[in-house]
Amino acid sequence: MNAAVIGGIIIALVLVILFVRSVRIVPQARGAVVERLGRYIRTQGPGVAVLIPFVDRMRPLIDLREQVVSFPPQPVITSDNLTVAVDSVIYFQVTDPRSATYEIQNYIQAVEQLTITTLRNVIGALNLEQALTSRDSINTQLRAVLDEATGPWGIRVARVEIKAIDPPLSIQDAMEQQMRADRAKRAVILAAEGARESAIKTAEGEKAAQILSAEGKKQAAILSAEAERQSRILRAEGDRAARFLSAQGQAKAIETTFGAIHAAKPDAALLAYQYLQTLPQIAQGDANKMWIVPSEFSKAIEGIAQLAGGEGGPDAPSWLTPPPTPGGPAETPAPPMDTSGWFDSNLPPAAAQPEAANLRASDTDRDSLLAREGLTGFGLASPLVPAVPVSAAEPEGTASEGTASEGTASEAAEPPVPPYLQKPPQSPPPPAPPSTAF
């Protein structure tokens, strides 16, 4: 191989070396400082950089992206003399490669040391409880201090975060006990509040129940008393109506019997026979210890004797027949007695009685109750029922001779007539004709 070829090869190699040293490529998000003969010329951005071989020199590339640096836990003393381990992380970005190259030797180490010292200054002014509960405040203070300190280095601190603050184990045990005590205290307070609320609600419920029960008992007592009152009123009205109807029936029976006796015109023998049949029934009463033979008994015996053919014979005139008037013909028998006015009453109206004043107040309630019970047809629609009619006084010598109850124990036991039912005194009636006496 001749010398010319060898020389050409050497020249080519030199040219290649010169080309490689004179052309550099800077990646994206990177930066570099270019020096010429040891002096700063420019800051090279991303792209192709042409350098003068053996004259220009490019310093190592600098990452312009935001970087994250996590530091190991650092022991920090709080204001209450407790040592805690603080683990932090910092986010920063190089904004000026020239300052980061010429203003600080190792900016990462510088940021780490600056963060540790600033963290001790900030947390040293707080106690343990404040340090545990004021992380946001600590982060803000750290970022402000670091950003101000790293500005001349061409570095911008974006964020500073406290990852953990770990107190000693003894303090952790004490804090756990305190937490348990606080939780137990809260549980007791909540239980007491619940019991208090429950007691209040229970008392209010019992109060309302007692009030409602008392109201119910009150209403029940009122209704029971009203029902008893209305029941007594209705029973009294019914008894009064029954007695009134019974008295009317008895009066009608007496009237019918009296009319039948007058129509039959019985003689002395028949009356004596009926009288003797009634005497044993009168004597059978339990309350009759003794009985007195009335004066009519002898007349009854005489009637029986006449019936048996005694003095006077069968054609003898009856003792009930009036004797003929001397010197003239026998009087014509009187017509039958008119009994239409026997039940007329001369008493004052029922509204004028003293008892009526006590009944007026309950007229409306009683009328509604009687209408509801269907008793308006029995003369009970008004409490002022007319008094029972009192029959007119019979003529002398009629009832005393026509009944066998006069002078007996049953007549003696008959109750007296109340004063307000007694008939006012009247003038004595004229004597009845002899033909009506029997």
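Assorted remarks:
- Ordering of 217-225, 167-175 by packing [mean C-beta count within 10 Å, highest first]: 167-175, 217-225
- A dipole drawn for the stretch 175-264 from +1 and -1 charges on Cβ atoms has a positive end, and of Gly194, Thr256, Ile222 the residue lying farthest that way is Gly194.
- If R0 is 45 Å, the Cβ-Cβ spacing of Arg135 and Glu206 corresponds to a FRET efficiency of close to 0.30.
- For the stretch 66-167, a crude dipole built from +1 on the beta carbon of Lys and Arg and -1 on the beta carbon of Asp and Glu, taken about the Cα centre, is about 120 debye to the nearest 20.
- Cα gyration tensor category, rounded, prolate or oblate, for the stretch 224-282 with a/c compared to 1.5: oblate
- Per-residue extension of 0.36 nm, minus the Cα-Cα distance of Val69 and Thr278, leaves a gain of 60.9 nm for this segment.
- Its Cα centre serving as origin, the stretch 115-248 has a Cβ charge dipole (Lys and Arg +1, Asp and Glu -1) of approximately 580 debye.
- Using the Cβ-Cβ distance between Ala199 and Ile222 with R0 set to 35 Å, the FRET efficiency works out to roughly 0.55.
- Ranked packing of 39-48, 142-151, most packed first, by mean Cβ within 10 Å: 142-151, 39-48
No value in this document is a laboratory result; all are computed from the given coordinates. Note that the structure is a prediction, hence the values are computed from the model and not measured. Backbone-built Cβ (ideal geometry, glycine too); neighbour counts: all protein chains shown.
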